[in-house]
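Only one structure is covered here, and it is reproduced in the block below.
A short reminder: the numbers here are calculations on the coordinates, not readings from a lab. Just so we're clear, the structure is a prediction, and the values are computed from it rather than from any experiment. Note that we place each Cβ from the backbone using ideal geometry, even for glycine, and neighbour counts take in every protein chain shown.
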Amino acid sequence: PYPLSDNAVYSLFKDVEGGIWAATYFGGLSYYHPRLSVFKKYFPNSASDAISGNAVREICKDEYGDLWVGTEDAGLNKIEKTPGKITSFRSAPKKGALSSDSVHGLLAQGKELWVGTFERGLDILDIKTGKVIRHYGAESSSSGLKTNFINVLYKTKSKIIYAGTERGLYANDPVADRFRLTEGLPGDCYVTTLLEDHEETLWVGTVRNGVFFKER
């Protein structure tokens, strides 16, 4: 009853106190700190520290010190730094709600949270209000996106925001308020992970096409 909640770990996040958050596939969220001898678990139940879903995909921290937890099966969760209150955000057919409960990419950008979804495009959430204030998707030609499958979001040291999708890598153009496809990758490139190294080279991990890199 005291170890990691699941063996399939999607991602890891280290907080400022040295604690490790493990996002698991259908095992919820597990937290471990060296001062503790057991894992603290977050599951969807009736407890006050429950999260909305079991399949936890992404974790990120905003500028206020709060954690955002994206799930594939039940939307988004906010864990406040103090007093640890958890708020859930689900999709709904109303203005300001998430487009989908299947969250695959998260990026805290100032007072906004960028939420990449599976099949429903990219939502921009106002962190203070918890409302979606913008949306980018393939249904709108002005967005520049040719797909609604947003797998990963990443911001480089030079402040370029990338969206990895199932049909290539897109870079955000903040002046034109749209996304532009990054050249040099196969047209059917299924991007799953992004990482920038100390030389500011961007590494692009894919499902079928191996690893690509884009130099500064």
- Computed over the chain, the distribution of all Cα-Cα distances in 5 Å bins, rounded to whole %, is 1, 7, 14, 19, 20, 16, 11, 7, 3, 1, 0
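Would you kindly give the portion of the calculated P(r) for the stretch 25-119 that falls above 23 Å, as a percent of all Cα pairs?
Across the stretch 25-119, Cα pairs with separations above 23 Å total 22 percent.
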- Item | Point-to-point label distance, E119-S46, nm (Cα→Cβ direction, 7 Å offset) | 3.1 nm
- Only Lys, Arg (+1) and Asp, Glu (-1) charged, at Cβ; the stretch 123-216 dipole about Cα centre in debye: 240 debye
- Simple spin-label model, 7 Å along Cα-to-Cβ: K155 to T87 in nm? 2.0 nm
- Based on a Kirkwood Rh over C-alpha pairs, give the Stokes-Einstein translational diffusion coefficient of the stretch 12-53 at 20 °C and viscosity 1.002 mPa s in µm²/s. 197 µm²/s
- What net charge do the residues around S158 carry, taking every other residue with its C-beta under 14 Å from that of S158, with Lys and Arg at +1 and Asp and Glu at -1? -1
- Log10 I(q)/I(0) at q = 0.17, 0.18 Å⁻¹ for the stretch 82-193, from Debye over equal alpha-carbon scatterers, is -0.79, -0.88
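Report the calculated FRET efficiency for F213 and R178 (r = Cβ-Cβ distance, R0 = 25 Å), to the nearest 0.05.
That gives a FRET efficiency of 0.50.
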- Simple spin-label estimate for A8/S37, 7 Å along Cα→Cβ, in nm, reads 3.2 nm
- Message: Need the list of lysines near K131 for cross-linking: C-alpha distance under 16 angstrom, and skip anything on the same chain fewer than eight residues off.
- Response: K78, K94, K95, K111
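Based on the Cβ-Cβ distance of A97 and D197, what FRET efficiency does E = 1/(1 + (r/R0)^6) give at R0 = 45 Å, to the nearest 0.05? Walk me through the numbers before you get to the answer.
Details: r = 37 Å, r/R0 = 0.83.
Working from the Cβ atoms, E equals 0.75.
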